[in-house]
Structure formats: C-alpha cells, structure tokens
Amino acid sequence: MLKHALLNRIERKTARVGIIGVGYVGLPLATVFAEAGFHVTGFDVNARRMEALNRGESYIEDVPASKIAHLREAGRLEGTTDFSLLEELDAISICVPTPLRKTRDPDISYIARATDEVARHLRRGQVIVLESTTYPGTTREVILPRLEATGLVAGEDFFLAFSPERVDPGRADWTTRNTPKVIGGLTPACLEVASALYGSAIETVVPVSSTEAAEMVKLLENTFRAVNIGLANEVLLICDKLGLDAWEVIEAAATKPFGFMKFVPGPGLGGHCIPVDPLYLSWRMKMLNYTTRFIELASEINMAMPRYWVQKVQDALNEDGKPVNGSRVLVLGVAYKKDVSDIRESPALDLLLLLMEKGARIAYHDPHVPAFQHDGLEMVSARDLDAALPEADCVVIVTDHSEYDWPAVHRQASLVVDTRATLRQMQGVTA
Ligand SMILES: NC(=O)c1ccc[n+]([C@@H]2O[C@H](COP(=O)([O-])OP(=O)(O)OC[C@H]3O[C@@H](n4cnc5c(N)ncnc54)[C@H](O)[C@@H]3O)[C@@H](O)[C@H]2O)c1
C-alpha cells in the first residue's frame, strides 16, 4: 500500500522532492525535477548557496540564473539549511561530496552526516537515493544500517537506491535530463519506486540488479577514462623519447573507423571525479586483498604529468639561455578543464607549486578563475592578458578555454609550452 501511494504521488507529481547537497550535481538535478513539475527543496550546509538560490541566483555555471528565477517564481524550487523539513518530503536524493582524505582514502563522512540527518527525520513511505560517487557496498553498508536503526525496514517502510550522476560540467548536449540514468535498488520494490521517480523527470532510466552494480557502473566509467587518459599520457612520454609527435600519432590512429577510441595527453588529471573516484575502488579492493593494477598505474602516470611539463618549461627556458629561477612564467588556465571555473585537483595547481619551488616568478591568467587559494598559494589572475603575454619569459598553456585566441597567444608570447596542443586543436586535429 505504501509503495502504491508513493508511486501514485510520483505519477501525479505531487510527491515532494528533496536534494541534499546542492552543488554541481545537486543543483542541476533539483532544476530537472522542478521543471518536470515536482516541488523541490534543496538542503545544503552552505547557507550562502541556499540564500542565493532563494534570491533566484545561480552559483553553478551550467545552470542559468534565469532558470532558477523562473522556478522560484513558479513556486517549485526553494533552498534551506533546516533539515527538519526533510520530514515533509517523499523523495530524497543525496548529492554530497565524496573526496579523498589526505591519506588518499575515501572520505565518506559527508555521506554519513547527510544520512544521519535523513535518519533523524525518516518516516514511512519515503524513497532515499544516493547519487554521490562511491565504492561498491556504500549504500548497503553505510546508509542502510543508519536508516534501519530507526526501526523502519528498507523495501517495506521506506525505499533505498543508488543512482550515479553522470553530469559533465560545461557540456550542453548531454545534460542531467537526457543522459541515461543507471539505478540499482536495495530490493525490487526499491528499484521500482526509484525508477518511477527518476523516470518521471529524466528521459531514460537504466535499471540494474543491485545498488552495488550501480555503484560499480560509475566507477567503471571513471576508471575507463582515467586509464585511457593515462595511456594517452604515456604515449606522449614514449613519443617524446622517440622524437615523435604524439598528437600526430594519436590523430592518425583515430582515423581507424573501428576498435580505437581517441584520448589525448595533457597536463594531468583534474576535477572532483576522474582523479578521485577510481581510488575509491582501489581502496575497496585492497580490503579484499586485490591490487587494482590499471588504476594504480594510470594514477601514477597521470599524477606525474605536471612534473613532466615543468621539465619541459625548464628545457625550453634553458634553450633560451635562462634558468627557471627568476624567470617569469605565466600559466594560462588554472581550471581543471576548459570553460569551467572549478579548480579542484587541477594539475595547474601542481604545476604552479612546482615552478614556484624552482624559484620561477609565477603568474596566471584564467577568465573563469579571478583568484584562488590552494595549499598556501594565494593568487589573483593577471588582468591584462595582452600585457602579460609578452612580459613572460615562458607561457605555459594548461587549460584550453574557448575564450583564448590561440594564434594571438602564440604570436604574443616569446616562448610557449603547450600542454594542450592548442594550434593543432584549431586545425580540428585534436579533440
Ligand atoms: N561535479 C561533477 O562533475 C560530478 C559528476 C558526477 C558525479 N559527481 C559526484 O557527485 C557528488 C557531489 O559532487 P559535486 O561536484 O556536486 O559537489 P559540490 O561540492 O559541487 O556540491 C556538494 C554540496 O554539498 C554540500 N554539502 C556538504 N555536506 C553536506 C551535508 N552534510 N548536508 C547537506 N549538504 C552538504 C556542499 O555545501 C555543496 O554545496 C560527489 O560524490 C561527486 O563525486 C560529481
């Protein structure tokens, strides 16, 4: 009966939806549910974010303020820091961060804290879905016991599922709404309810047999990327030693119409997901006495890339008769990828720190990142790029933001180390 009542509320869009953690993942998801006709409440510990949301403003680049303002006016979206309101909801999606600890082990404390809030207000007939990327077993081993400690039973009194988010920030063609959504339920009833919920707002739902399978899907996707980027980076190291142009080789290989997928080298891995998520899997597997060799190797190669590029800067300056120590080095782009402002795990940060250690007079320019603080480094973006380019002894291109006029950059700079092969990209040679 409980299940049917909930399914009915979902079908009629009268179910009240809540999103815990309203960031890069949670905010787009909240708007997708609200646009589908649900009333959505965002819960976040960051009061400033919730105040901005309630003023109709956006703080995530992929979500236009006009969309938030419209949904606010329609009375379908609100933000709060008051978790007691969780009790009023029928459906709750948890989208809190899953970073690494300093020891590079998973930090699931955010999930634990959010779940404790849910447990405090859990009532019969609610569906809870974890979206945060995490190791296989988290939903069953971390969330379930906390929720069942209330005396309520999953699959009977409440419903529990895992559905990984696949959003690619900065991307317009594949969004939260049209990217197929994988869902694994703790029981068949949990899967049925969670699929109905997401299926009423998202175009395609892909059910799998368990929460563990759904958790593993996400880790496979991100491991696939980390390993292939690691391979592309190693191809760069190999080609460098052979005196070959890695981009030329990769591009030519990519003309094969089958059996090859193109990945390109770069400054290293960045962002909240690709460098971090595979380590959730390797940590879990260590507990089972298994070493995830591909993950470890890819991580080792990708993490060493900033050092490789610093060596390239050193070599290039050397050819100009200059030591790194005292040279002015301008880094173009510090965001972890093009056209976003996110600097989490960005290889540019490592590059800047390594250059600074060697005594370089470092500066950066990034149209998306006016200033940042990281590991004791506090920097402000150069304001006038036209003035900064010719002043630098070496310009290091790290993030290939669309705003940059690459031929002009290469013309104005006296020395360029280009981790993104930008001129090749302009000729449509590299993706
Ligand atoms: N950013 C991406 O591209 C992306 C893509 C797919 C999956 N993911 C995964 O989604 C999850 C969220 O990532 P994100 O990029 O949206 O993070 P984010 O930092 O942008 O947003 C997380 C939000 O959660 C809030 N928060 C932290 N603890 C909380 C708590 N106890 N209760 C309520 N709110 C809390 C933070 O204040 C923040 O606003 C992570 O597991 C991440 O791996 C991210």
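The values are calculated or read from the model by the stated rules, or taken from the named source; none is laboratory data. The model shown is predicted, which means the values in this text are computed figures rather than measured ones. Reconstructed Cβ throughout: ideal geometry from the backbone, glycine too, with neighbour counts over all protein chains shown. Ligands, DNA and RNA are excluded from the accessible area calculation, which covers all protein heavy atoms including side chains. Shrake-Rupley method; radii C 1.70, N 1.55, O 1.52, S 1.80 Å.
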Can you check what the net charge comes to around HIS70, using other residues whose Cβ is under 13 Å from the Cβ of HIS70 (Lys, Arg +1; Asp, Glu -1)?
-> 0
The chain, accessible surface, carbon-and-sulfur percent (1.4 angstrom probe) | 53 percent
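Could you check what % of the DSSP bridge pairs in the stretch 1-158 are antiparallel, to the nearest 5? Don't jump to the answer; show the numbers that get you there.
Working: 1 of 19 bridges.
The answer is about 5 percent antiparallel.
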Would you work out the charge dipole size for the chain about its Cα centre, treating the Cβ of every Lys and Arg as +1 and the Cβ of every Asp and Glu as -1, and quote it to the nearest 20 debye?
-> 640 debye
Two-site label geometry, HIS374 and ALA47: point separation in nm, points 7 Å out along Cα→Cβ | 3.0 nm
Mind checking the per residue accessible area of the chain for me, 1.4 Å probe, whole number of Å²?
-> 45 Å²
Return a whole-number percent for the relative contact order of the stretch 4-45, with Cα pairs under 8 Å and 6 or more residues apart as the contact set.
-> 44 percent
Ranked by GNM mean-square fluctuation in the chain (Cα springs under 10 Å), the top entry among ILE238, ILE362, ILE128 is ILE238
Would you mind checking the pairs LYS241/LYS312; LYS241/LYS337; LYS322/LYS358; LYS13/LYS181 and listing those with alpha carbons more than 21 angstrom apart?
-> LYS241/LYS337
Row for the stretch 329-387, column shape: gyration tensor on C-alpha, a ≥ b ≥ c, rounded if a/c < 1.5 i.e. under 1.5, prolate if a/b over b/c, else oblate; value oblate
Filtered trypsin sites (Lys or Arg not before Pro), the stretch 1-55: DSSP coil and at most 10 other beta carbons within 10 Å | ARG12
Which net charge results when you count Lys and Arg as +1 and Asp and Glu as -1 among the other residues whose beta-carbon is under 15 Å from that of PHE162?
-> -2
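Which order do the peptides 293-302, 326-335 come out in when sorted by mean C-beta neighbours inside 10 angstrom, highest first?
Working: 293-302: 17.7, 326-335: 23.2.
My ranking of the peptides, most packed first, is 326-335, 293-302.
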How far apart, in nm, are two points set 7 Å out from the Cα along the Cα-to-Cβ line at SER209 and at ARG12?
-> 3.7 nm
Across 20 Å bins beginning at 0, the whole-percent shares of Cα-Cα pair distances in the chain come to 24, 51, 23, 2
Antiparallel content of DSSP bridges confined to the stretch 105-227, in %, to 5 | 20 percent
How long are the three semi-axes of the equivalent ellipsoid for the stretch 21-71, computed from the Cα gyration tensor as the root of 5 times each eigenvalue, in whole Å, largest first?
-> 15, 12, 10
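Taking N as the number of residues in the stretch 80-214, what is its Cα Rg relative to 2.2 N^0.38 Å? Each step should come with its number before you reach the end.
On the way: Rg = 14.6 Å, N = 135, 2.2 N^0.38 = 14.2 Å.
Ratio of Rg to 2.2 N^0.38 Å for the stretch 80-214: 1.03.
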Gain on full stretching of the segment that runs from PHE224 to VAL249 - 0.36 nm per residue minus C-alpha separation = 6.9 nm
LYS312-ASN54 pseudo-label distance in nm [points 7 Å out on the Cα-to-Cβ vector] | 4.9 nm
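Provide the FRET efficiency to the nearest 0.05 for the GLU156-ASP82 pair, computing r from the beta carbons and using R0 = 30 Å.
Details: r = 29 Å, r/R0 = 0.95.
For R0 = 30 Å, the calculated efficiency reads 0.55.
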Based on the Kirkwood radius over alpha-carbon pairs, what is the Stokes-Einstein translational diffusion coefficient of the stretch 143-213 at 20 °C with 1.002 mPa s viscosity, in µm²/s?
-> 166 µm²/s
Amide H neighbours of HIS39 under 5 Å, at least 5 residues apart or on other chains, H built in the peptide plane: list them.
-> VAL17
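Quick one: compute the contact order of the chain, relative version, from alpha carbon pairs under 8 angstrom and 6+ residues apart, as a percent.
Working: 835 pairs, mean separation 46.5, N = 431.
The normalised contact order for the chain reaches 11 percent.
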